[in-house]
Amino acid sequence: MTAEGRANESAHTVRGSADPSVSNSRRNVSAISAMEKEAMSARSCGERLSDAIAHHAGRTWFIAAHAAWFGGWILLNSGMSPGIRRFDPFPYQFLTFVVSLEAIFLSLFILMSQNRANKQADARSHLDLQINLLAEQESTKMLEMLQSLCEYHKLPVARDPEVDLLKSPTKPAELLTELQEHLPGDC
């Protein structure tokens, strides 16, 4: 089942409950939660691994562990530790090699995690756009109905030119073109 299907099913389950105190926001939270759970469970093993590595690499303990590792490595190889033979003398070429490999793989895992997160953000953005367009269409229809009621009751607001402008349908392609023409080049 798709994330949208599970979200609708989750929202329907909450909506269908006998409890009248269940609010629209609670139904929305349930639907969003279902979509997030679906997205998280649909990740491949590689995506799960890269997300876990990216998550832990950004933690304070990760920095502290590296500081301890580098400090210990340098201390062991500085000749200041009696009875321990230096295995990577200054300028610590093997440490540089290991850290470089770690940096390469860490950056790749972080990029994988960011790419997956960007795809998920794009999907959310498309959903937001669709919901906003539907809400705009519903608002336009309500304006038309209200204007008809005002005309029926012969109220002067029925001929408000601003209402006629608001009733005109939104054309996303035209709005996008206008935005691109008027926004600064680096946006």
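What's the number of the condition Arg59 fails, among (1) surrounded by fewer than 13 Cβ atoms within 10 Å (Cβ to Cβ); (2) on the phi > 0 side of the Ramachandran plot?
(2)
Of the conditions (1) of a type outside the set (Ser, Thr, Tyr); (2) within 30 Å of Ala123 (Cα to Cα); (3) more than 35 Å from the chain's Cα centre (by Cα), Gln93 satisfies every one except a single condition; which number is it?
(2)
Name the residues in region 99-143 that are over 24 Å from the mean Cα position of the chain (by Cα) and surrounded by 14 or more Cβ atoms within 10 Å (Cβ to Cβ), would you? Outline the logic, then answer.
We begin by selecting, within region 99-143, every residue over 24 Å from the mean Cα position of the chain (by Cα); these are 99-104, 137-143.
Scanning region 99-143 gives Val99, Thr140, Leu143.
Given the criteria assigned by TED's automatic domain parsing to the domain that holds Ala173 and in contact (Cβ under 8 Å) with a residue 40 or more places away in the chain, does Leu101 qualify? Before the answer, list the steps.
Working: assigned by TED's automatic domain parsing to the domain that holds Ala173: yes; in contact (Cβ under 8 Å) with a residue 40 or more places away in the chain: no.
Here the answer is no, as Leu101 does not meet what is asked.
If you scan region 144-183, which residues turn out to be surrounded by 10 or more Cβ atoms within 10 Å (Cβ to Cβ) and outside any helix (DSSP H, G or I)?
Once the filter is applied, which keeps residues that are surrounded by 10 or more Cβ atoms within 10 Å (Cβ to Cβ) and outside any helix (DSSP H, G or I), region 144-183 yields Leu155, Asp160, Thr170, Lys171.
Let's see how each residue does on (1) more than 27 Å from Ala39 (Cβ to Cβ); (2) assigned to a helix (DSSP H, G or I); (3) touching a strand residue (DSSP E or B) at 6+ places or on another chain (Cβ under 7 Å):
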| site | (1), (2), (3) |
| --- | --- |
| Phe87 | yes, no, no |
| Ile104 | yes, yes, no |
| Asp122 | no, yes, no |
| Asn132 | no, yes, no |
| Met142 | yes, yes, no |
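Out of Ser148, Ser107, Ser139, Ser168, I need the residue that is small (Gly, Ala, Ser) and at pLDDT 95 or above. Which one?
Ser107
The values are calculated or read from the model by the stated rules, or taken from the named source; none is laboratory data. Predicted, not measured: the structure shown is a model, and the values here were computed from it. As a convention, Cβ positions derive from the backbone with ideal geometry for all residues, glycine included, and neighbour counts pool all protein chains shown.
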